[in-house]
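Notes follow once the structure below has been shown.
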């Protein structure tokens, strides 16, 4: 092969790699702005969370929370327009704190607007450290975020059921 053919191939390979990187990066931003809509009126804004906690935390919340809210609303037979702004996720120590059996507490906070009624929302879950989590910290944190969003979705649906019964 000639030197110009090698240079041309390298240039095409670099261009392809940059294109793939740009597409992958835009998917994360797209997930925050054009969230999947599992229910007709469920929207989640994680922009404040992305600013406070960064990625991949914000992406994990954006992926999990809408479906979990829809599932919890369906369990209660509630139809509601829900908009949730997630501001903070605070994970406790990976090695445990002074909780029961060496556990630590994780928190998620934000504001939910349910059928036009705005209210602060917060959920807590308990994390029990395990030695295996030290080697798989990203997976462990993903699981912890999933537990937090499940807890938050439960309380949002509970609030939605209460608002629906008052109206």
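Every number here is computed from the coordinates shown, using simple stated rules; none is lab data. In this text the structure is predicted, and so the values were computed from the model without any measurement. With ideal geometry, Cβ positions are generated from the backbone for all residues, glycine too; neighbour counts draw on all protein chains shown.
Computing FRET efficiency as 1/(1 + (r/R0)^6) for residue 136 and residue 107, where r is the C-beta to C-beta distance and R0 is 25 Å, gives about 0.70.
Between residue 158 and residue 76, what is 0.36 nm times their sequence separation minus the Cα-Cα distance? Round to one decimal in nm. List each step's numbers first, then the result.
Numbers: separation 82, 0.36 × 82 = 29.52 nm, distance 0.81 nm.
Between residue 158 and residue 76, full extension yields 28.7 nm more.
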